[in-house]
Every structure is written in C-alpha cells, then in structure tokens.
Amino acid sequence: MGVFKDSQQFYDMVGEVIYRAALDPDIGSSVARTESIIQFRYTDPDAQITLNAKDRPTQLDAYFDVFFGPSALRPDVVMSMQADLAHEFWQGRINLFSALARGQVIAIGTVIPVLRLVPVVGPMFQWYLTLLRELGLADLISK
C-alpha cells in the first residue's frame with residue numbers, strides 16, 4: 001500500500017498545500033502569471049488537481065482557482081505521476097527535472113510555465129511537512 005489510503009486523504013494533504021499556494025502572494029502571483037490551466041493527474045490513489053490561472057479567480061483572496069477531482073476545464077499542461085512520487089516531491093526529496101527525464105513524471109503540453117514555477121515552490125515543502133504533523137501523520141515524513 002502506498003502513502004495515501006485513498007483519494008480523499010491525498011486531497012487533504014497535497015490539495016491543502018496547493019490551495020494554500022493559491023492564497024500566497026509570492027507563489028500565487030507566480031502561478032497566475034503563467035495564464036495557464038495546469039492539471040496534475042495522480043495514480044495510486046487516483047486524484048486530479050487543476051489550477052486555473054487563465055481566468056479571474058472566483059475566490060477574492062486567491063490568485064488562481066484550484067479544482068479537486070474531474071474538471072471540465074481544458075488544460076494547457078498535464079503532469080501525470082504516482083501519488084507517492086508527489087508525496088516525495090512535496091518533501092523536497094524529488095527533483096522534478098530528473099523525474100521528467102526518468103519518465104516518473106509524464107508531461108503533456110507546454111511545460112515551460114510549470115518548470116518556471118519550480119524555484120518559487122520552496123516554501124510549499126515546509127508547508128507540507130507542517131501539515132503532515134498537524135494531521136498527526138508525522139510518521140509519513142521520509143527520513
């Protein structure tokens with residue numbers, strides 16, 4: 001069994017970190033500048049998170065909208081990976097460029113906007129670790 005017991009737990013953990021990014025002035029504004037719809041598709045468990053930085057966000061204090069689960073939006077970029085790989089990435093243990101080169105992450109579409117975001121996501125690594133502790137899941141932190 002992988003890190004996540006089901007899709008809901010995945011959304012509670014990874015989704016929460018991405019939602020916090022939508023509210024953060026530095027990260028959120030960087031994502032908004034991509035003016036893209038970026039979709040992340042995960043397996044084991046199956047989950048989907050879509051970021052809409054193309055349209056004006058519906059939430060007043062957000063820089064972009066985040067959708068959990070299937071979305072009717074047509075993404076400009078799709079990034080696919082196993083959920084366990086996302087767990088390692090959000091702990092700062094996986095290099096996205098290497099994962100793409102090894103085929104652990106599959107990208108469809110123009111990935112340049114996504115790759116430009118890599119330098120600004122640093123604070124999200126700490127948010128993820130803090131969230132794991134807050135949820136009583138510190139045992140899931142990789143050593």
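Adding -39500 (n - 2.57) for every DSSP H run of four residues or longer, then dividing by how many residues the chain holds, sets the calculated 222 nm ellipticity at -9500 deg cm²/dmol.
Relative to the compact-globule estimate of 2.2 N^0.38 Å, the Cα radius of gyration of region 71-143 comes out at 1.21.
I need the semi-axes of the equivalent ellipsoid of the chain: take the C-alpha gyration tensor, multiply each eigenvalue by 5, square-root it, list largest first in whole angstrom. Working shown, then result.
Numbers: eigenvalues 95, 60, 45 Å².
Equivalent ellipsoid semi-axes, largest first: 22, 17, 15 Å.
Comparing mean-square fluctuations of ALA86, ALA99, ALA62 from a GNM of the chain with C-alpha springs under 10 Å, the top value falls on ALA99.
Would you order THR34, THR110, THR58 from fewest to most other beta-carbon atoms within 10 Å of each residue's own beta-carbon? Spell out each step's value before the answer.
Working: THR34 20, THR110 12, THR58 8.
Listed from fewest to most nearby Cβ atoms, that is THR58, THR110, THR34.
Rounded to the nearest Å, what's the spacing between the alpha carbon centres of region 7-25 and region 65-126? Just the number, please. Going from one Cα centre to the other spans 13 Å.
Percent antiparallel among DSSP beta bridges with both residues in region 7-137, to the nearest 5?
Numbers: 14 of 20 bridges.
About 70 percent, rounded to the nearest 5.
We did not get these values from a lab; they are worked out from the coordinates using the rules stated. In this text the structure is predicted, and so the values were computed from the model without any measurement. Backbone-built Cβ (ideal geometry, glycine too); neighbour counts: all protein chains shown.
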